[in-house]
1. State whether one or more residues within segment B:119-129 are in a helix (DSSP H, G or I) and under 29 Å from B:GLU170 (Cα atoms).
2. Run down A:LEU97, A:LEU145 and say which single residue is open to solvent by less than 50 Å² (accessible area, probe 1.4 Å) and assigned to a helix (DSSP H, G or I).
3. Among the numbered criteria (1) out of contact with any Gly (no Cβ under 8 Å at 6 or more places or on another chain); (2) among the small types (Gly, Ala, Ser); (3) more than 24 Å from B:GLU22 (Cβ to Cβ), which single criterion is violated by A:ALA88?
4. For segment A:104-121, what are the residues that are closer than 21 Å to B:ARG77 by Cβ and either at the interface with another protein chain (Cβ under 7 Å from one of its Cβ atoms) or at pLDDT 95 or above (or both)?
5. Provide a single number: the residues in segment A:194-223 that are among the basic types (Lys, Arg) and in a helix (DSSP H, G or I).
6. What is the one condition in (1) open to solvent by less than 50 Å² (accessible area, probe 1.4 Å); (2) within 12 Å of chain B (Cβ to nearest Cβ) that A:LEU168 does not satisfy?
7. State which residue pairs qualify: first residue at negative phi and inside segment B:73-85, second residue near DNA strand C (Cβ under 9 Å from one of its atoms) and of a type in the set (A, V, I, L, M, F, W, C) in any location, beta carbons under 7 Å apart, and separation of 6 or more residues or different chains.
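The values are calculated or read from the model by the stated rules, or taken from the named source; none is laboratory data. Quantities reported herein were computed from a predicted structural model and do not represent experimental measurements. Heads up, the Cβs are rebuilt from the backbone with ideal geometry, glycines too, and the neighbour counts pull from every protein chain shown. For the accessible areas, the whole protein counts, side chains as well, though only heavy atoms, and no ligand, DNA or RNA atoms are used. Shrake-Rupley method; radii C 1.70, N 1.55, O 1.52, S 1.80 Å.
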Protein chains: 2
Amino acid sequence: MVQRVSGAEASSRAAKTALFDEFARLGQALANGRRLEILDVLANGERTVERLASETGISVANASQHLQVLREVGLVRRRREGTSICYALHDPQVFDLWRNLRSVAVQRRAEVGQLADAYLGARHTLEPVGRAELLRRLKHGDDVLVLDVRPSEEYAAGHLPRAVSIPLAELRRRLRELPRDKEVVAYCRGPYCAFADKAVRVLHQAGFRVRRLVDGLPEWRAAGLPVVSG
Amino acid sequence: MVQRVSGAEASSRAAKTALFDEFARLGQALANGRRLEILDVLANGERTVERLASETGISVANASQHLQVLREVGLVRRRREGTSICYALHDPQVFDLWRNLRSVAVQRRAEVGQLADAYLGARHTLEPVGRAELLRRLKHGDDVLVLDVRPSEEYAAGHLPRAVSIPLAELRRRLRELPRDKEVVAYCRGPYCAFADKAVRVLHQAGFRVRRLVDGLPEWRAAGLPVVSG
DNA sequence: CAAATCCTCAATTGAGCACTTAAATAGTAC
DNA sequence: GTACTATTTAAGTGCTCAATTGAGGATTTG
């Protein structure tokens, strides 16, 4: 059956199509795993193209192209920093969108849970520490050491109150800096970052009492909890 | 330069790639304007494939294909209703995701605002009524008539307290049902639905005091405000 | 000004998507 | 059980996208 529509209706439909296609461009920008990895890293602070490329395992040219896509739809912005160009999330709402996407994916698609386990290792052997619990223990007691295992630039860009920075790569040779009479709570970039899980495994093996924070710094910040920089 | 990675790192990277590709599948589902139109309509209540197709101007076969995509990633679910099949958003979080996407698109992309104006007509001539204001006036006074101009099925599926239903198509011939001593506040499916704007134009021309609600029923419900059904 | 360093662009390749038409399926209603 | 109808699937076409490679810009630093 052929649709008969008036001229006005047809032009209105064309306008609606154009509008929703424009919304869809944002979806397109979110429709690539590499771009989502980039967003996830950028949620922890700005990066040069080269660093982003090396951290994500993407080639520089390809990373640059993905960043153009993200920039065109307004998800990231850039600024020059000496000889390099730093990209950053355009604003906190972008992180909310990524988190929302993640959350729906986890709730609605069993495959995601399986792949997360495959990537992070079965991490549900030890219950993670919730944000509220950690905040309470930080305020009212001194029985916990908060450990930031991200690269030190990210720590500098913002970290949990009283957190100690030991990047994952240095953890094994700096074990003596950690107390054995407190519980260690490790955190990293978020629930889909492997750093904290790896740190927990290392510390557990070395005999420490240790758990991971339920997610990472970006989520802590997004929850409106205090973040210290510098 | 060729990347050298250890076997363990390589497999971990593969797992991470797979995980983020899985997230990206959700993005892919959101990467098409027609599918976003479908989600926007479904936020107002379930629909058969045929109705969805006719309301969006998509062919039935094509609508069915889009619905398969949405269903595979868990954004919609379906159930049989007599001889037809009804599709609905899988849960309220899906609407949150769509709203979040919309919101970032509007804030970050000037093109979206222009296209919205092109579709809806310059609607900023009259300030829309906020949800809080409407709620207050509904509770404490009797100076406002709330008008639902969506199709009557959607009104039946859920509407604002004390709202009167006059579908847009019937509005011109039912003008006498509306009071002239109150302000009329019209609402529809959301900020990117043209119904309320068209109703405002019709009523304004007929001499009514009328404004539109800032957005639609789904946003009202998502804000946790009271919704009446039946 | 020139060299060095980063980043972006352009061209290419192969893969995947949207939409149409036409045929098949799966329920319901009688 | 049969006919009917709404929905789904299949096949085909034109288009868009991701990634690679190599060349070309832009900006700082010497």
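1. Residues of segment B:119-129 that are in a helix (DSSP H, G or I), as a first pass: B:119-120.
Pick out the ones that are also under 29 Å from B:GLU170 (Cα atoms) and you get B:119-120.
Yes, segment B:119-129 contains at least one residue that is in a helix (DSSP H, G or I) and under 29 Å from B:GLU170 (Cα atoms).
2. On the way: A:LEU145 fails: assigned to a helix (DSSP H, G or I).
From the options A:LEU97, A:LEU145, the qualifying one is A:LEU97.
3. Result: A:ALA88 passes all but (1).
4. A:VAL104, A:ALA105, A:GLN107, A:ARG108, A:ARG109, A:GLU111, A:VAL112
5. Within segment A:194-223, the first condition is being among the basic types (Lys, Arg), and the residues that meet it are A:198, A:201, A:209, A:211-212, A:221.
Still in the running and in a helix (DSSP H, G or I): A:198, A:201, A:221.
Going through segment A:194-223 one residue at a time, the tally reaches 3.
6. Here A:LEU168 meets the rest and fails (2).
7. B:VAL73/B:ALA29; B:LEU75/B:ALA29
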